[in-house]
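Structure record follows, encoded as structure tokens.
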Amino acid sequence: MKRIISLAATLLIGAFAMQAQDTLAPTIAQWDLATAIAYARQHNIQVNTIRLDQALSQQDLYLAKAARYPNLSGTATQSFTNSRNANPVVGGFQTQSNLAGNYGVNSSLTVYRGGYINKDVESKTLQLESANLNIQVAENDIILQITQAFLNVLLAKESIVYVQEQVKTTAAQYQQGKTKFDAGAISKKDLLQLQAQAASDEYNLVTAQNQYRQNVLTLKQLLQLPTTTEFVPVEPDTLIVEKPVPSLSEAQRLAAENRPEINNGKLLVRIAEVELEKARTGRMPSITLGGSLSTGYSDNQDAKYAEQLSNNFYQRLGATLSVPIFDNRVTKTNIERSKILIQQSRLSLQQTKTTLDQQVEQAYISLMNAHGQYKAAAVQLQANTEAYNISLEQLRLGAINTVDLLVQRNLYVQSVQNYIQAKYNAVMNFKIYEFYMGIPVTL
């Protein structure tokens, strides 16, 4: 029976261990943007490093609050003494030994320190809030990187689909050209040009596939995924390219209200101000209460152990007033340093606001440019598509030769590539612009 129970326990522990390993290992195969962002926020090394900084700030706050309470320590000393002393009565030496023990507890409490403890708690609370905002800043950075990398993957994937269609088309055109060449309808030169175009499209397909793999690798690196992890991007049903664009002033206003780096800058100013108030408490007196209890025994005494502990029981309670008179300029230096830190934090906040305004404006300019390019690329694609279809019909009727068709086809191919690039570029820039305004990134 015991062996059965032991075997069952072993199997149960193994099952839990396998489940834990499965939980740690990424099991996702198909990834959409929301899944990628959520995974990165949880597993990114930089973000998790800053989370550990936040945990340190939390411990600092616990320590600051604990200063409001008394401390307590205990001591216990047990000693044995053996010595030889002269005996004045009978002469010579005699051996004497002594076994003794001393026990005690001590406690102290800071009653007043000029408000230092409360200010320290306030400072540590603000520092914890600042650490939380630092996490948000790091998450925002990784979200933008993930979004850009994910859209690059979708761009490369769509390019592969398009190039594959071109490979099929040019392969069919080459086969048709061989038939016409055998019938004497086209020259050897025209056939070779069709063959070269088919080979060129095969080359472009290999290049597109390699670019896709490279973009997936970049995204995996951002996600901290092993290179062997299967990654299948999930495309959204539709990509909304053209949407109303909020004004630059509105975007800058929302960014100033919502971005964590601005709120963190304000917190750092407040922290510096609290640190100045802490420094000023160095000029204030402090009052500390202290007390101790102690007792002891020795086997050289005739009284019994318990009686000695009772007779030697000692109690002390006292208050200490400490008034700073001269501290070699320590307090004054701390005060002046705190004033300088306040000025630095205010300048840093001002610089952060300026940088954010510039970033939002740059995002706005990039968005306007991307929208303009997308509209132009759409018109270009429509025109070249119609022209290419006309050229195909003209070639069928014998109105143009293969060279004229390939020229028009290259214009069509370039316009398709420009359109795909412009579409994803417009989507990416709009998502960045919205993100600065505090709107979550979604596709």
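Quick note: the coordinates plus some simple rules give every number you see, no bench work behind them. Computed from a prediction, not measured in an experiment: that's the story for all the values here. All Cβ positions, even for glycine, are placed from backbone atoms using ideal geometry, and neighbour counts span all protein chains on display.
Below are the figures for this structure:
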{"read-out": "Unsatisfied cross-links (Cα-Cα over 27 Å) in the set Lys168/Lys243; Lys168/Lys188; Lys157/Lys180; Lys189/Lys423; Lys243/Lys266", "value": "Lys168/Lys243; Lys157/Lys180; Lys189/Lys423; Lys243/Lys266"}
{"read-out": "Magnitude of the charge dipole, the chain, Cβ model with Lys/Arg +1 and Asp/Glu -1, debye to 20", "value": "1080"}
{"read-out": "Positive-end extreme of charge dipole, the chain - chosen from Tyr116, Ile45, Leu56 (charges on Cβ)", "value": "Tyr116"}
{"read-out": "Positive-end residue, the chain charge dipole about Cα centroid, Cβ charges, pick of Gly282, Ala66, Ile142", "value": "Gly282"}
{"read-out": "Positive-end residue, the range 129-245 charge dipole about Cα centroid, Cβ charges, pick of Thr229, Tyr203, Leu155", "value": "Tyr203"}
{"read-out": "Mean ellipticity per residue at 222 nm, deg cm²/dmol - from DSSP H runs of n ≥ 4 across the chain, formula -39500 (n - 2.57)", "value": "-24500 deg cm²/dmol"}
{"read-out": "Sorted by Cβ neighbour density within 10 Å, fewest at the top, the residues Ser108, Ser97", "value": "Ser97, Ser108"}
{"read-out": "Amide hydrogen neighbours beyond the local backbone of Trp31, cut-off 5 Å, H modeled", "value": "Val232, Val234"}
{"read-out": "Note, ³J(HN,Hα) from phi for the range 427-443, Karplus 6.51, -1.76, 1.60, rounded to Hz, x at Gly and Pro", "value": "4, 4, 5, 5, 5, 5, 4, 5, 5, 4, 8, x, 8, x, 7, 9, 10"}
{"read-out": "Net charge of Cβ neighbours under 9 Å - reference Val274; Lys, Arg +1; Asp, Glu -1", "value": "-2"}
{"read-out": "For the range 92-164 versus the range 401-443, the gap between their alpha-carbon centres in whole angstrom", "value": "44"}
{"read-out": "Along the chain, longest interval not containing exposed trypsin sites (Lys or Arg not before Pro), exposed being DSSP loop plus at most 10 other Cβ atoms within 10 Å", "value": "1-303"}
{"read-out": "Most fluctuating residue given options Leu356, Leu61, Leu317, as computed from a GNM of the chain linking Cα atoms under 10 Å", "value": "Leu317"}
{"read-out": "Whole-number percent relative contact order across the chain, with pairs defined as alpha carbons under 8 Å at least 6 apart", "value": "21"}
{"read-out": "Ranked Tyr39, Tyr374, criterion: other C-beta atoms within 10 Å, fewest first", "value": "Tyr39, Tyr374"}
{"read-out": "Ascending count of other beta-carbon atoms within 10 Å, so fewest first, for Met428, Met368", "value": "Met368, Met428"}
